[in-house]
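What follows is a single structure, written as structure tokens, with notes after it.
The numbers here are math on the coordinates, done by the rules we state, and not lab data. Please read all numbers here as calculations on a predicted model, not as lab measurements. Cβ coordinates were reconstructed from backbone atoms using ideal geometry, including for glycine residues, and neighbour counts include every protein chain displayed.
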């Protein structure tokens with residue numbers, strides 16, 4: 001079926017029907033084709049609760065030794081140098097055992113070594129102070145050469 005031609009002076013190609021109305025020619029720059037508008041779906045953030053942690057349960061006696069015992073290494077070295085050498089060496093030996101035993105997990109052994117290091121440190125200090133006092137008194141009583 002052939003459609004009637006459009007109004008005179010306009011070429012419609014002959015394939016489109018003429019409705020009796022003509023459109024005015026477009027003015028200005030050509031309009032870009034309209035893109036469909038998509039909306040972002042609305043998502044809800046999941047609500048997470050912080051888990052409630054409890055204090056871990058340790059075996060008997062563990063919390064007593066949660067921190068390694070004091071090793072007394074510096075006082076042991078000082079009393080070895082300035083007070084009494086033989087007992088100072090014993091204090092250094094026990095002081096170095098404290099960290100090794102605590103690192104191996106032997107908390108009771110580390111505590112025992114710490115107590116022995118403290119004992120030998122104070123014995124060295126006592127012997128050194130006694131010897132120093134004895135030397136001071138004998139020099140004072142000697143008449144001062």
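One table, with the values for the structure above:
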read-out: Prolate/oblate/rounded call for the range 67-141, Cα gyration tensor, a/c under 1.5 rounded; value: prolate
read-out: Label-point gap, in nm, between residue 89 and residue 104 - each point 7 angstrom along Cα→Cβ; value: 2.3
read-out: Mean separation of Cα contacts under 8 Å, 6 or more apart, over the residue count of the range 67-141: relative contact order %; value: 37
read-out: Distance in nm between pseudo-label sites at residue 35 and residue 115 (7 Å out along the Cβ direction from Cα); value: 8.1
read-out: Chain lengthening between residue 136 and residue 44 when straightened (0.36 nm per residue, less Cα-Cα); value: 24.6 nm
